[in-house]
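First comes the structure, then the notes that go with it.
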């Protein structure tokens, strides 16, 4: 009976969604203010959203705000909550087990405070809403990308992707040898691997902010990002195989590659052929709002399939967009799917980026050694991807392609987390990776804005 | 490190949002099938959504589906999860503490299974999304209700609300005296009180399904529902005061009433006067998509304020709609807010009703004694509210108003939960209340459809 509503009359309607409503209003307010400020400075709105998030998250932490102290832990909050739910410990105890001692104290204190469950509710909802937001964003970008155009730039995208894997990997291993001459080969390989994975969400958003989604450069970046996702999966399989068993599991790699290829060929090949029939069939039923429901449902299904195949969910959402691009709005009357989704996008996508900003922990910059490693790795992370832009033909804006491939994000962090799990990435290196993710993310909107110019009026 | 991703390459992108995506697709599919079937039978779509939910939830439970076994526990899942998070026990242990033993076994087994965290993620997200959906629905209904029209039917709404409190309360106490001659007065009062609270969400949806939102009867129902929410708060304060201390706390009741009145007068009075100025001021900033952002933000803020005042969040959302009704679309160019929200509504509102259906537990009908009590209470619950329709002038459709006030929902359950907490409502009576909520909810769409006729073409 512990959790029954209080007897106080004022609590008789206590609705658990209330803290979430407040959080949504505040996050959206932050996004609007930051986005508006940047648009006014002729910068991409997403930069403002990130900066507002960074300021709010870090300020909240330093001023001892309990909610923000919890929320900025990001994925760690899910780990803590999952651990508390599945084992016989409380949230605060789980925080001590999951986090390094320096962070655990304040987080555990906040998690045993009076509103901890409200913060968890906000975390759960906003985190999932953000994950869905990024799928909607990539689905929208896919909807504006026809497969034919993609095929036209296919070879270039492949070259960019391969160059963007090889260069940062080699440079990353070089930096490791310079900074830590005694480090194990497995560590060097792992750090090199971490540098390979592009996180294309922020680039996709900047391209939309600047109204540049249909340039050839944009197609190259998106195609290369999809290939990059497949390749970095293979790199991860190889590198973690080497680190754990000292050998490369040929069958494991074959399986990884096969699954990813199966998904891409299957979804694009069969999808393009079969979805028009399904849509025509469904249309006969006169379902209200079929366009939006089928569109989003299809995007979510392919995201799920992509995940089953070991790929990022956003690859599935992007593929779904490309598949529907060719025929969907021709087959179904009414407002275009892009227009319908844009309403949704404007509500949820800014949240995602403010949320991303909140999770940027500036205290990672605190230690000198980590800072040096972080800056060195960031430098080669940028250089390695910018170099890949030179795989484009001269007529394209190579800088834009290179900077577009630059952001690293959750994939790099997951990669680093696995490395920490098997003991080849220590806490210092992990923080260096956090720095690199942080800088490449915040730099991408600025760099793309400079190379692509302002939004055409 | 327990919660780090597996080393298996296929898991390298494991995204916690994936189960949520699947659940959203399946729930939406169910809603579309049920809604379409009912529209085809010229019934309100919401009835189909509820029925699909009831079938899926109960079938899933009887076939041993772990996910549905957990999800249909509804609010209990939140209690279980909150307990597991705040104390040193696991989910399964918390289930044993929160649920009656008969239910606990299967739920605890499902909660210690391999996908329990996925189900919790689905529960958390879908539950909050549904709570937001119902706010969006009531906000939309408010947007179609002008304050002037409301004032015109104000006296009738007040009469209907008062009759709809007095009649079911008296009848409920009568039934208690008949069925349980020895029961304490506190129990009788509590059960009577439970019968007073109308849950207007389903009626609002049926009125929209049937295209009848702007009839006088609809305004009377909505106005009476708001007044009903205030009055039943007072009833709860009186009844629980009597049950706990044997005395009525005059100051508590004064505070409850004052807060509710303050919210209503404050939001409607000040809101109507001040929001046009704010909107005009904001418009000058050229914020993209201001209409939707401000509209939703305002609705969420008033929902929060209503909750602070002890009222239901939906009262706040409805008030926000009425406030913006008069000037919003006149002040801001572009698509009307109704149109923008309708896109959102069609995505999330059907989810809410499928979700409501899933939480209907047919096994409550299992015991003979409970069934008798349930049916008797349901009968007076229906009769008491139908009678209230006769407070309308003869020119109105009194049956429609009565049936519109009939549904009881979460408020009745919360009320009953409090009664169980202080020991005046036993498990049998609680199940009887569950039956009454179930029947009035499922009956409302049918009864309203019969009294109002089909949707005009």
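The values are calculated or read from the model by the stated rules, or taken from the named source; none is laboratory data. Only a predicted model underlies this, so the values are computations on that prediction, with no experimental measurement involved. Cβ placement follows ideal geometry from the backbone for every residue including glycine, while neighbour counts extend to all protein chains displayed.
Being within 30 Å of residue A:414 (Cα to Cα) and either modelled with pLDDT of 90 or more or surrounded by 22 or more Cβ atoms within 10 Å (Cβ to Cβ) (or both): is that true of residue A:366 here?
Answer is no for this residue.
Quick check on the range A:428-451. Is at least one of its residues farther than 24 Å from residue A:156 by Cα and within 14 Å of another protein chain (Cβ to nearest Cβ)?
Yes, the range A:428-451 contains at least one residue that is farther than 24 Å from residue A:156 by Cα and within 14 Å of another protein chain (Cβ to nearest Cβ).
Do we find a residue being surrounded by fewer than 20 Cβ atoms within 10 Å (Cβ to Cβ), at pLDDT 90 or above and more than 7 Å from chain A (Cβ to nearest Cβ) anywhere in the range B:45-55?
Kept after step one, since they are surrounded by fewer than 20 Cβ atoms within 10 Å (Cβ to Cβ), are these residues of the range B:45-55: B:55.
Now narrow it down to the ones that are at pLDDT 90 or above: B:55.
Cutting the leftovers down to more than 7 Å from chain A (Cβ to nearest Cβ) gives us B:55.
Looking for residues that are surrounded by fewer than 20 Cβ atoms within 10 Å (Cβ to Cβ), at pLDDT 90 or above and more than 7 Å from chain A (Cβ to nearest Cβ), one finds at least one in the range B:45-55, hence yes.
Check residue A:73 against each of (1) more than 12 Å from chain B (Cβ to nearest Cβ); (2) free of Cβ contacts under 8 Å to residues at least 12 places away in the same chain; (3) outside any helix (DSSP H, G or I) and name the one condition it does not meet.
Result: residue A:73 passes all but (2).
Assuming residue A:8 fulfils every condition listed in (1) more than 7 Å from chain B (Cβ to nearest Cβ); (2) at pLDDT 90 or above apart from one, which condition is it?
(2)
Would you tally the residues in the range B:76-88 being free of Cβ contacts under 8 Å to residues at least 40 places away in the same chain and either closer than 22 Å to residue B:26 by Cβ or away from chain A (no Cβ under 12 Å) (or both)?
Summing the residues that are free of Cβ contacts under 8 Å to residues at least 40 places away in the same chain and either closer than 22 Å to residue B:26 by Cβ or away from chain A (no Cβ under 12 Å) (or both) in the range B:76-88 gives 1.
Would you check if residue B:438 is in contact with a helix residue (DSSP H, G or I) (Cβ under 8 Å, 6 or more places away or on another chain) and part of a helix (DSSP H, G or I)?
Yes, satisfied.
How many residues, within the range A:299-326, are facing chain B (nearest Cβ under 7 Å) and part of a helix (DSSP H, G or I)?
Count: 6.
State yes or no: is residue A:299 closer than 30 Å to residue B:25 by Cα, at pLDDT 90 or above, surrounded by 24 or more Cβ atoms within 10 Å (Cβ to Cβ) and touching a helix residue (DSSP H, G or I) at 6+ places or on another chain (Cβ under 8 Å)?
Working: closer than 30 Å to residue B:25 by Cα: yes; at pLDDT 90 or above: yes; surrounded by 24 or more Cβ atoms within 10 Å (Cβ to Cβ): yes; touching a helix residue (DSSP H, G or I) at 6+ places or on another chain (Cβ under 8 Å): yes.
Answer is yes for this residue.
Assuming residue A:190 fulfils every condition listed in (1) within 24 Å of residue A:422 (Cβ to Cβ); (2) touching a helix residue (DSSP H, G or I) at 6+ places or on another chain (Cβ under 6 Å); (3) surrounded by fewer than 22 Cβ atoms within 10 Å (Cβ to Cβ) apart from one, which condition is it?
Just one mismatch for residue A:190, condition (3).
Out of the residues in the range B:89-104 that are at pLDDT below 90 and over 26 Å from the mean Cα position of the chain (by Cα), which is farthest from the other protein chains (Cβ to nearest Cβ)?
In this case the residue turns out to be B:102.
Checking residue B:261 against (1) modelled with pLDDT of 90 or more; (2) surrounded by fewer than 14 Cβ atoms within 10 Å (Cβ to Cβ); (3) touching a helix residue (DSSP H, G or I) at 6+ places or on another chain (Cβ under 8 Å), which test does it fail?
(1)
Within the range A:109-129, how many residues are assigned to a helix (DSSP H, G or I) and surrounded by fewer than 21 Cβ atoms within 10 Å (Cβ to Cβ)? Write out each step before concluding.
Kept after step one, since they are assigned to a helix (DSSP H, G or I), are these residues of the range A:109-129: A:109-111, A:116-129.
This time we only want the ones that are surrounded by fewer than 21 Cβ atoms within 10 Å (Cβ to Cβ), so: A:109, A:117-118.
Summing the residues that are assigned to a helix (DSSP H, G or I) and surrounded by fewer than 21 Cβ atoms within 10 Å (Cβ to Cβ) in the range A:109-129 gives 3.
Could you tell me how many of the residues in the range A:264-288 are buried (at least 17 other Cβ atoms within 10 Å of the Cβ) and closer than 18 Å to residue B:36 by Cα?
The total comes to 1.
Find all pairs meeting these conditions: Cβ atoms under 6 angstrom apart; at least six residues apart or on different chains; first residue within the range B:175-193 and assigned to a loop (DSSP other than H, G, I, E, B); second residue crowded, with 16+ Cβ neighbours inside 10 Å.
B:183/B:176
Could you tell me how many of the residues in the range B:371-423 are modelled with pLDDT of 90 or more and not in a loop (DSSP other than H, G, I, E, B)?
28
Could you please tell me which pairs satisfy a Cβ distance under 7 Å, a separation of 6+ or placement on different chains, a first residue in the range A:95-116 that is touching a residue at least 24 places away in the same chain (Cβ under 8 Å), and a second residue that is surrounded by fewer than 16 Cβ atoms within 10 Å (Cβ to Cβ)?
Close Cβ pairs satisfying both conditions: A:100/A:427.
Given the criteria in a loop (DSSP other than H, G, I, E, B) and more than 30 Å from residue B:427 (Cβ to Cβ), does residue B:156 qualify?
Values: in a loop (DSSP other than H, G, I, E, B): no; more than 30 Å from residue B:427 (Cβ to Cβ): yes.
Taking the combined requirement at face value, the residue does not satisfy it.
What is the number of the single condition among (1) part of a helix (DSSP H, G or I); (2) under 30 Å from residue A:329 (Cα atoms) that residue A:145 does not meet?
With respect to (1) part of a helix (DSSP H, G or I); (2) under 30 Å from residue A:329 (Cα atoms), residue A:145 is out only on (1).
Would the range B:278-295 turn up any residue that is within 23 Å of the chain's Cα centre (by Cα), part of a helix (DSSP H, G or I) and facing chain A (nearest Cβ under 9 Å)? So that I can check it myself, show each step before the final result.
Initially, the range B:278-295 is screened for residues within 23 Å of the chain's Cα centre (by Cα), giving B:295.
From the residues that got through so far, the ones that are part of a helix (DSSP H, G or I) too are B:295.
Keeping just the survivors that are facing chain A (nearest Cβ under 9 Å) gives none.
No, the range B:278-295 contains no residue that is within 23 Å of the chain's Cα centre (by Cα), part of a helix (DSSP H, G or I) and facing chain A (nearest Cβ under 9 Å).
Report the residue count in the range B:17-27 for those that are buried (at least 21 other Cβ atoms within 10 Å of the Cβ) and at the interface with chain A (Cβ under 8 Å from one of its Cβ atoms).
5
Name the residues in the range B:331-347 that are surrounded by fewer than 19 Cβ atoms within 10 Å (Cβ to Cβ) and within 12 Å of residue B:134 (Cα to Cα), would you?
If the condition is that a residue be surrounded by fewer than 19 Cβ atoms within 10 Å (Cβ to Cβ) and within 12 Å of residue B:134 (Cα to Cα), then B:346 is the only one that fits.
In the range B:121-161, which residue that is within 10 Å of residue B:317 (Cα to Cα) and more than 13 Å from the chain's Cα centre (by Cα) is farthest from the other protein chains (Cβ to nearest Cβ)?
Ranking the candidates gives B:141 first.
Just to check your reading of the model, which residue among A:434, A:386, A:425 is without any contact (Cβ under 8 Å) to a residue 40 or more places away in the chain and buried (at least 18 other Cβ atoms within 10 Å of the Cβ)? Reasoning before the result, please.
Numbers: A:434 fails: without any contact (Cβ under 8 Å) to a residue 40 or more places away in the chain; A:425 fails: without any contact (Cβ under 8 Å) to a residue 40 or more places away in the chain.
Answer to the check: A:386.
So for the range A:262-269 (the condition being in contact (Cβ under 8 Å) with a residue 60 or more places away in the chain, assigned by TED's automatic domain parsing to the domain that holds residue A:384 and closer than 17 Å to residue A:312 by Cβ), does at least one residue qualify?
Checked the range A:262-269: at least one residue is in contact (Cβ under 8 Å) with a residue 60 or more places away in the chain, assigned by TED's automatic domain parsing to the domain that holds residue A:384 and closer than 17 Å to residue A:312 by Cβ.
Return the residues of the range A:327-343 that are within 12 Å of chain B (Cβ to nearest Cβ) and free of Cβ contacts under 8 Å to residues at least 12 places away in the same chain; say none if nothing qualifies. Working first, answer last.
First, pick out the residues of the range A:327-343 that are within 12 Å of chain B (Cβ to nearest Cβ): A:334-335, A:337, A:339-343.
The answer is A:339, A:343.
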